[in-house]
Each structure stands twice: as C-alpha cells, then as structure tokens.
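First the structure, in the form of structure tokens, and then the observations on it.
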Amino acid sequence: MQFRDLKKQYEVLKEDIDREIVEVIESSRFIGGPKVSELEKRLAEYVGVKHCITCGNGTDALLLALMAWGIGPGDAVFVPDFTFFSSGEVASTLGATPVFVDVIPETFNMDSDSLEKVVKKTLEDGKLTPKAVVAVDLFGLPADFPAIRAVADRYGLKVLEDGAQGFGGQIGDGRACSFGDIGTTSFFPAKPLGCYGDGGAVFTDDDDSAALIRSFCVHGKGEMKYDNVRIGMNSRLDSIQAGILIPKFEAFRKHEAADVNKAASQYTELLKDIVETPVVPDGFVSSWAQYTIRLNSEEERDALKIALQSREIPSMVYYPKAMHCQEAFDKESLGDGEFPVTDKLCKTVLSLPMHPYLTRDDVERVASAVREELSKLR
Ligand SMILES: *Cc1c(COP(=O)(O)O)cnc(C)c1O
C-alpha cells in the first residue's frame, strides 16, 4: 500500500497528462506561455479571487506575499507552532521574526485565543511591531479564519493564508486560498493538488499586491524584464508543470476532492471509538492532505507505527518537532513560551495512508490493522 498513490493517479490520468507534456515540448514554449495563463485563469476562478500568480514553489509563494507587504527587520509575523518549517522560515528570510502561536488539538490549526495573547505580549515587550499572521490550513482543513480575522482586525494585522495543504478546502461556500488578504498554495507532488516537480501559486483580490508579486517573481521587473525597479527573485512555474496541472486540476475538481472526503468519513466511522479522529467543524470542508489520528502516548504512537510497518502499511509523523523547538529560530520567536498543545501533538499524532484512489478495502485494511495492533498494545 502507498501512503499517497501518485502512480495510481497517473495510470488514470495518463492519456491527458502525456498529451499536455508533448504539447509543451512540441510548442517549445517552456517558460510562461498559454499553459501557464490557462492554469492561472482556471485556478483563480475556482478559488474565487481576481488574481492567481503561479511561482516556483509554495515557500516562494509565502515569501512573495510577505515581500508585497514590505515585511522586514523589526516586524513580528505570527505563525502556528504546529506546521511545516516554511510557514515561519519565510519571515526570517526577510529579516523579520516569526512568533509562534499554539494550536487547537482537535483541528491542529492556529488557536485564535492564543494568537491574541501572543500579539498582546509582543506589544507589551515592545521590541517587535506586529504586522501579519500566517494562518495555515493544516492537513487540508482551513484554519478558523472568521476568528483569526477578528483578532487580526483588532491589531491591524494582514492575514496570509498558507494553503499549501489546504487547496480544495472550504468554509461555507468560500474556498481555501481566498480567506486571507493573500493566500498561497504549493504544487509539491504530495500536496492535494500536486505537479511532477516543484510549483506554487499566490492568490489575491488586491490589484496592487498582485502587480507587486508579478514584478517580484521576475527580478523586480518594471515595464519589462530588462527594466528592474525593485529587488526581486526568479520564481516561476514552468510550462510543463502547468500542462500537467491542467488535467490534474480537472480530476481534482470533478471527483478527487469528493473521493478523499469519502475515504476520510470511512476512516472516521471505523476508528472513532478507539482513537481521537480529526475533527472538521460545522460548515468546514477539508481536502485531506493528511488523515491524522491522535494516540494516547508517544510510546503507543511509536509502537503502532512500527506494527503497521510490519504489515506493510505506511504511516507518517507530521510533525515530530514543533516550530519553537527548531534551532534555526531565535528566542524572540517564542512568544509567550507556552505550547502545551503542540508539544503533545508532536508526541501523539500519526498520519495514515490518504489519497483519492484509496479503496474501501484499503481503508478497512488500515483501520482493522490499527484496531488489532492497539488492542495488543493497550
Ligand atoms: C509544503 C508546505 C509548504 C511549502 O511548499 P513547497 O512547495 O514545498 O515550498 C509551506 N507550508 C506548508 C504548510 C506546507 O505543507
């Protein structure tokens, strides 16, 4: 069994994907061109925003958003403590300080009460200026944007949605990557919508941010590429990846997003009485980048992982180390220094195989293995 079966997906979509790749090669338009514009148009329409700007990867997408806001030294950017490194790394890349905020155990996402506490603490300390919050849609579930937005508005903070894992999620009729002032995603192969290499995108309704980001990702271009009006970077999605993403996005939109939700419901049904299963609040829809259960202890989690492996069932620990424990960050990043939820999650989470081509039989096999092994361990 595969943790995320990209081979199976390719078998299903092979004809369309191969045709797209050949078309790009035959056209010799390897950078930019019609495939990239077509993809940007379709993604912006789906997400429900005016602008989609593709770029080199999900980390660059976050960086470009912070650059558009002029984030730099002396600025505080609030980031959940339980996330992938990039969410906080980008603030540091620009000389700003990521300040970590604890999360909610049931949803794994940023806790808006902790956010407010940490913003207040930062203001009291007086060393950094609160500027922005990076709210991550962890494991596919949109963060609690209504609550986060309320806090952000009280303190004049910009909201950046890190939708690297969240593409396809919803709150009501709103789609992930549309909830921040700027939203970003990643097309890393294992993400909900992945390409066959690196790729990313930025989404926004704001014309000025969109224009700045288009400039930043082409060396700070002005009127044209050889007129450079600001210091930028080189970050673009290549045409072959855009071509690959077009049929993959169609499959995602038409059935994959629903298929992962079906698999997730089956897991929850089969597992909810023995482990803590992930919670999707009313009105929210997840795109299930991961299906993550919580065990009783680190010993139990580690033993279950090994037992599943011996049955050839892969599982992963996302994430074993909290942001506040990463040596790369300074002590100014510690905020109020309290991360009890993240500390516990790092010891007790386990992500199970999850992808749109998982069959009912696969889900049952994984769930029975979890049940049997836990009954031996407990
Ligand atoms: C994967 C990921 C990123 C970075 O995306 P890349 O395309 O790998 O640069 C950022 N944030 C989160 C939450 C991610 O999971």
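The values are calculated or read from the model by the stated rules, or taken from the named source; none is laboratory data. Being a predicted model, the structure only gives us computed values, none of them experimental. Using ideal geometry, Cβ is built from the backbone for each residue, glycine included, and neighbour counts are taken over all protein chains shown.
Is it the case that some residue within region 19-27 is aliphatic (A, V, I, L, M), out of contact with any Gly (no Cβ under 8 Å at 6 or more places or on another chain) and buried (at least 19 other Cβ atoms within 10 Å of the Cβ)? No, region 19-27 has no match at all.
Could you tell me which of the residues Ile293, Ile244, Ile274 is in a helix (DSSP H, G or I), at pLDDT 95 or above and among the hydrophobic types (A, V, I, L, M, F, W, C)? One residue alone meets the criteria, Ile244.
Residues of region 144-200 that are within 8 Å of the ligand (Cβ to nearest atom), acidic (Asp, Glu) and over 18 Å from Val49 (Cβ atoms): Asp198 alone. Residue count for region 207-240 satisfying the condition of being assigned to a loop (DSSP other than H, G, I, E, B) and either exposed (fewer than 14 other Cβ atoms within 10 Å of the Cβ) or touching a strand residue (DSSP E or B) at 6+ places or on another chain (Cβ under 7 Å) (or both): 16.
The set of residues in region 277-290 that are among the aliphatic types (A, V, I, L, M) and either within 16 Å of the ligand (Cβ to nearest atom) or assigned to a strand (DSSP E or B) (or both) comprises Val285, Ala289.
For region 81-98, a residue qualifies if it is near the ligand (Cβ under 9 Å from one of its atoms) and either over 26 Å from Lys347 (Cβ atoms) or surrounded by 24 or more Cβ atoms within 10 Å (Cβ to Cβ) (or both), and the qualifying residues are Thr83, Ser87, Val90.
Yes/no per residue for (1) crowded, with 16+ Cβ neighbours inside 10 Å; (2) within 18 Å of Ser87 (Cβ to Cβ); (3) of a type in the set (S, T, N, Q):
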position: Ile293; (1), (2), (3): yes, no, no
position: Ser297; (1), (2), (3): no, no, yes
position: Ala303; (1), (2), (3): yes, no, no
position: His324; (1), (2), (3): yes, yes, no
position: Leu334; (1), (2), (3): yes, yes, no
position: Val341; (1), (2), (3): yes, yes, no
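Right, Ile182: under 14 Å from Gly58 (Cα atoms), at pLDDT 95 or above and crowded, with 24+ Cβ neighbours inside 10 Å or not?
So Ile182 fits the description; yes.
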